[in-house]
Amino acid sequence: MPKFPKPKLPGVISGLGITFRTMLKPAVTVQYPHEKEEPVTRARGVIALKEENCTACMLCGRSCPDWCIYIEGHKEKRPPRRAGGKPRTVNILDRFDIDYALCMYCGICVEVCPFDALFWTPEFEYSENRIADLLHDMDRLGEWMATVPTPPPLEVGALVKAKK
């Protein structure tokens, strides 16, 4: 049977002194339901959809590792942009759903979107009583756009793309 060294009395007393001093200090924990902290600027909450920017290219759905994004669309013929041009086809978004019961909030869909249709919002209070209610449709994802923070201003010397 191994022998353990006896604890030295001054070490135990100093350890208890630290414990008692810590116990007497007030708690720094935020009591969540009653007190709410403002989330940090780049917090990942829920993903919002700007429907008019989405072209139903399905890059976000294909790059999602959890397959929690469901997209449906159809093609429509549109008139040519210039006189003498040929008619063009455009994708029209019919369905865009995100199942937050499956989502792991990795942000790949937001990063891969070439048309800036998906945004992070700092909103984190969207729990539901039923798991089926965590499937957010286009309307609900569009409502989250109101909570998307405005991007910070560009740094001095940054290039701005000219709009056509």
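Binning at 10 angstrom from zero up to the longest distance, how are the C-alpha pair distances of the stretch 7-75 distributed in percent?
Going from the shortest bin to the longest, the percentages are 13, 21, 16, 16, 12, 12, 7, 2, 0.
Remind me, relative contact order of the chain in percent, using alpha carbon pairs under 8 angstrom and six or more residues apart? Walk me through the numbers on the way to the answer.
Details: 199 pairs, mean separation 43.6, N = 164.
Result for the chain is 27 percent.
What's the FRET efficiency of residue 132 with residue 21 using the Cβ-Cβ distance as r and R₀ = 45 Å, to the nearest 0.05?
Numbers: r = 50 Å, r/R0 = 1.12.
The pair residue 132/residue 21 has a calculated efficiency of 0.35.
Which whole-Hz couplings ³J(HN,Hα) result when phi for each residue of the stretch 100-106 is put into the Karplus expression 6.51 cos²θ - 1.76 cosθ + 1.60, θ = phi - 60°, listed in order with x for Gly and Pro?
3J(HN,Hα) across the stretch 100-106, in whole Hz: 6, 6, 9, 4, 10, 6, 7.
Projected onto the charge dipole of the chain (+1 at Lys/Arg Cβ, -1 at Asp/Glu Cβ, origin at the Cα centre), which of 54, 14, 122 gives the Cα projection farthest towards the positive end?
Looking along the dipole axis, the top candidate is 14.
Tell me, what is a quarter of the convex hull surface for the C-alpha atoms of the chain, in nm² with one decimal? Walk me through the numbers before you get to the answer.
Details: hull surface 83.9 nm².
Spelled out: convex hull of the Cα atoms, projected over all directions, averaged, 21.0 nm².
Only Lys, Arg, Asp and Glu count, each charged at its Cβ (+1, +1, -1, -1), so figure out the dipole size of the chain about its Cα centre, rounded to 20 debye.
Working: 23 positive and 21 negative charges, 182 e Å.
I would put it at about 880 debye.
Could you list the chymotrypsin sites (Phe, Trp or Tyr not before Pro) in the stretch 11-90 that lie in coil according to DSSP, counting only those with at most 12 other Cβ atoms within 10 Å of their Cβ? Please list the in-between numbers first.
Values: sites: 20, 67, 70; in loops: 67.
In loop regions of the stretch 11-90 (DSSP not H, G, I, E or B), the sparsely surrounded chymotrypsin sites (Phe, Trp or Tyr not before Pro) are 67.
Give the residue list of chymotrypsin sites (Phe, Trp or Tyr not before Pro) in the stretch 82-146 that are DSSP loop and have at most 16 other beta-carbon atoms within 10 angstrom. Could the numbers behind the result be given before it?
Working: sites: 96, 100, 105, 115, 119, 120, 124, 126, 144; in loops: 100, 105, 115, 124, 126.
When the chymotrypsin sites (Phe, Trp or Tyr not before Pro) of the stretch 82-146 are filtered for loop state and at most 16 Cβ neighbours within 10 Å, 105, 115, 124, 126 remain.
Treat every Asp and Glu Cβ in the stretch 4-88 as -1 and every Lys and Arg Cβ as +1, leave all other atoms uncharged, and give the resulting dipole magnitude about the Cα centre to the nearest 20 debye.
Working: 16 positive and 8 negative charges, 107 e Å.
Dipole size: approximately 520 debye.
As I understand it, the dipole of the chain uses +1 on the Cβ of Lys and Arg and -1 on the Cβ of Asp and Glu, about the Cα centre. Which of 63, 79, 92 lies farthest toward its positive end?
The listed residue farthest towards the positive side: 63.
Could you give the length gained on full extension between residue 83 and residue 52, defined as 0.36 nm per residue of separation minus the Cα-Cα distance, in nm? Intermediate results must be reported in sequence, preceding the final value.
Working: separation 31, 0.36 × 31 = 11.16 nm, distance 2.53 nm.
Result for the pair: 8.6 nm of gain on full extension.
Restricting to DSSP loop positions (anything but H, G, I, E, B) with no more than 12 other Cβ atoms inside 10 Å of their own Cβ, which GluC sites (Glu not before Pro) remain in the stretch 76-164?
Loop-located and lightly packed - 125, 128, 155.
If you count, for each residue, the other Cβ atoms within 10 Å and average over each peptide, how do 46-53, 59-66 line up from highest to lowest? Working shown, then result.
Details: 46-53: 18.4, 59-66: 15.8.
Top of the packing list down: 46-53, 59-66.
What angle do you read, to the nearest 10 degrees and between 0 and 90, between the alpha-carbon axis of helix 9-24 and the longest principal axis of the chain?
Around 50 degrees separate the two axes.
Measure of size requested: the Rg and Dmax of the stretch 103-147, with Cα atoms as the atom set and Å as the unit; please supply both.
That works out to 11.5, 35 Å for Rg and Dmax.
Quick note: the coordinates plus some simple rules give every number you see, no bench work behind them. None of these values were measured; they are calculated from a predicted model. So basically every Cβ, Gly included, is an ideal-geometry build from the backbone, and we count neighbours across all protein chains shown.
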